[in-house]
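Q: Have a look at the structure that comes next, please.
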Amino acid sequence: MLTPEREQALARAWKDRGDRAALRDLVGSHLRLAIKIARGYQGYGLPIADLIAEGNVGLMQAAQKFDPDRGFRFATYAMWWIRAAIQEYILHSNSIVKMGTTAAQKKLFFNLRQMKGRLEQHEAGDLPPEAVATIATALGVPANDVVEMNRRMSGGDLSLNATVMEDGEMEWQDRLVDDSPTQDLLLADADERAKRQTLLKGALAQLNEREREIVRERRLRDEPLTLEELSGRFHVSRERIRQLEVRAVEKLRKAMLGAAVAPAAPADLAKAA
């Protein structure tokens with residue numbers, strides 16, 4: 001155990017001069033704190049040695065950032081870093097899927113088991129609605145989050161290669177639905193895009209050079225030019241550029257609609273036949 005004076009001296013030696021021996025003494029004198037905090041998380045089924053190792057990581061992080069000028073003891077500051085490191089390790093080790101990403105979800109994860117014990121809800125399965133409401137109110141989280149977290153904590157990760165029939169011929173992944181578009185839809189979309197591109201190309205040919213350039217720069221670029229930039233290029237006002245753009249777009253619309261509903265030419269009909 002370090003006296004406050006000795007602790008201050010070691011912290012200042014490390015902060016001001018980078019004295020690694022002082023850092024070693026400061027961290028070494030608080031290893032028992034990491035062990036004590038790690039023992040409080042033994043109920044999550046992880047080896048105590050791993051929990052202590054993660055607690056030591058948090059202890060080192062605390063020593064790196066500790067400011068002795070703030071006037072509080074190192075143990076008070078370090079315990080938050082130790083807990084954070086251990087909790088992060090538990091969250092990552094509990095499931096290959098992230099269990100909690102927000103502060104509220106992490107709070108729910110580490111308090112749900114204790115709250116269930118207080119309410120004597122030890123059975124597997126979903127919690128009763130009144131228990132869900134009580135836990136949600138006590139922890140300040142939505143009721144849906146309580147239900148979801150309880151289900152995720154109750155069931156472990158399942159492999160997609162696990163068999164679902166006794167003969168072992170079907171796996172879980174065989175029952176997954178593929179939501180991606182089918183081949184006929186992809187072909188139909190590609191054909192529709194090609195038709196629209198052809199219509200657009202033909203409609204652009206009916207505009208004059210200035211109108212085509214304004215449409216390309218204002219409507220067909222990933223980063224369109226501003227009215228101010230185009231007014232400088234054509235030496236007209238911004239309002240004039242806006243008027244030309246509106247007129248050109250209207251011409252395009254009419255030309256594309258006219259081409260889309262126009263009857264096929266005799267050559268096209270013969271080719272189709």
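Q: Can you run down the residue pairs with Cβ atoms below 9 Å, 6 or more apart or on separate chains, where the first is in the range 194-213 and more than 15 Å from L257 (Cα to Cα) and without any contact (Cβ under 8 Å) to a residue 40 or more places away in the chain and the partner is in a loop (DSSP other than H, G, I, E, B) and small (G, A, S)?
A: Here the result reads R212/A205, each pair linking the range 194-213 to a residue that is in a loop (DSSP other than H, G, I, E, B) and small (G, A, S).
Q: Sticking with this structure for a sec: Yes or no: R12 among the charged types (D, E, K, R), assigned to a helix (DSSP H, G or I) and free of Cβ contacts under 8 Å to residues at least 40 places away in the same chain?
A: Judged against the criteria, R12 is not a match.
Q: Right, here's the next one. Got at least one residue in the range 21-44 being in the same structural domain as A85 (by TED's automatic domain parsing), surrounded by fewer than 18 Cβ atoms within 10 Å (Cβ to Cβ), on the phi > 0 side of the Ramachandran plot and of a type outside the set (S, T, N, Q)?
A: There is no residue in the range 21-44 that is in the same structural domain as A85 (by TED's automatic domain parsing), surrounded by fewer than 18 Cβ atoms within 10 Å (Cβ to Cβ), on the phi > 0 side of the Ramachandran plot and of a type outside the set (S, T, N, Q).
Q: Find the residue count for the range 121-133, including only residues that are surrounded by fewer than 18 Cβ atoms within 10 Å (Cβ to Cβ), at pLDDT 70 or above and assigned to a loop (DSSP other than H, G, I, E, B).
A: The total comes to 2.
Q: Find all pairs meeting these conditions: Cβ atoms under 8 angstrom apart; at least six residues apart or on different chains; first residue within the range 134-151 and in the same structural domain as Q114 (by TED's automatic domain parsing) and part of a helix (DSSP H, G or I); second residue surrounded by 13 or more Cβ atoms within 10 Å (Cβ to Cβ) and of a type in the set (F, W, Y).
A: M149/F109
Q: Can I ask one more? Go over the candidates A49, A34 one by one and state the one that is free of Cβ contacts under 8 Å to residues at least 12 places away in the same chain and either part of a helix (DSSP H, G or I) or charged (D, E, K, R) (or both).
A: A49
The values are calculated or read from the model by the stated rules, or taken from the named source; none is laboratory data. Keep in mind it's a predicted model, so treat the numbers as computed, not measured. Using ideal geometry, Cβ is built from the backbone for each residue, glycine included, and neighbour counts are taken over all protein chains shown.
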